[in-house]
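The values are calculated or read from the model by the stated rules, or taken from the named source; none is laboratory data. As the structure is a prediction and not an experimental result, all values here were calculated from the model. Backbone-built Cβ (ideal geometry, glycine too); neighbour counts: all protein chains shown. Surface areas here come from the heavy atoms of the whole protein model, side chains and all, with no ligands, DNA or RNA. Shrake-Rupley method; radii C 1.70, N 1.55, O 1.52, S 1.80 Å.
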Amino acid sequence: QVQLVESGGGLVQAGGSLRLSCAASGRTFSNYAWFRQAPGKEREFVARLTWTGGSTYYADSVKGRFTISRDSAKKVVDLQMNSLKPEDTAVYYCAARYGNYVSDTTAGYDYWGQGTQVTVSS
């Protein structure tokens with residue numbers, strides 16, 4: 001069974017940085033995304049990446065602060081988060097799918113990780 005495993009969450013002060021990683025059982029998918037879910041809120045799109053070509057897209061709330069990237073040798077997708085704000089506090093989920101369709105919605109992804117907590121203190 002395919003599993004996505006996230007790592008790298010934690011507690012950081014506002015203005016700090018964290019790097020999340022997503023590994024997928026040694027395989028690669030066509031498209032990856034990061035979503036996040038804060039308490040009492042719906043899961044929201046953060047960023048996505050197409051494995052072939054490496055094209056990326058970001059939610060306005062993180063544009064210029066977060067960077068999604070891939071490491072082809074390690075077969076992982078990372079999310080570098082800089083200039084973190086308290087409102088970035090959430091559980092962050094890695095998602096993936098096969099095929100060329102790109103999506104910014106949760107329904108567009110077939111595989112999900114268990115989530116990793118990111119807490120930004122003020």
**Request:** Filter the stretch 56-84 for residues that are surrounded by 14 or more Cβ atoms within 10 Å (Cβ to Cβ), among the basic types (K, R) and either touching a Gly at 6+ places or on another chain (Cβ under 9 Å) or at pLDDT below 95 (or both) and give the result.
**Result:** R70, K75
**Condition broken by E42, with the remaining ones in (1) surrounded by fewer than 17 Cβ atoms within 10 Å (Cβ to Cβ); (2) in contact with a strand residue (DSSP E or B) (Cβ under 7 Å, 6 or more places away or on another chain); (3) at pLDDT 95 or above satisfied** = (2)
**Asked** Just to be sure, is R48 buried (at least 16 other Cβ atoms within 10 Å of the Cβ), in contact with a Ser or Thr (Cβ under 8 Å, 6 or more places away or on another chain), over 23 Å from G16 (Cα atoms) and of a type in the set (K, R)?
**Response** no
**Request:** Could you grab me the full set of residues in the stretch 94-108 that are touching a Lys or Arg at 6+ places or on another chain (Cβ under 7 Å) and open to solvent by 10 Å² or more (accessible area, probe 1.4 Å)?
**Result:** V102, D104, T106
**Request:** Exactly one condition in (1) out of contact with any Lys or Arg (no Cβ under 7 Å at 6 or more places or on another chain); (2) aliphatic (A, V, I, L, M); (3) open to solvent by less than 50 Å² (accessible area, probe 1.4 Å) is not met by A90; state its number.
**Result:** (1)
**Asked** What pairs come up if the first residue lies in the stretch 1-14 and is at positive phi, the second is open to solvent by 70 Å² or more (accessible area, probe 1.4 Å) and assigned to a strand (DSSP E or B), and their beta carbons are under 8 Å apart, counting only those six or more places apart or on different chains?
**Response** G8/R19; G10/Q117
**Fill in**
In the stretch 8-29, anything among the hydroxyl-bearing types (S, T, Y) and at pLDDT 95 or above is listed as S17, S21
**Prompt:** Among the residues of the stretch 1-19, which ones are out of contact with any Gly (no Cβ under 9 Å at 6 or more places or on another chain) and open to solvent by 50 Å² or more (accessible area, probe 1.4 Å)?
**Reply:** Q1, S7, L11, Q13, A14, G15, S17
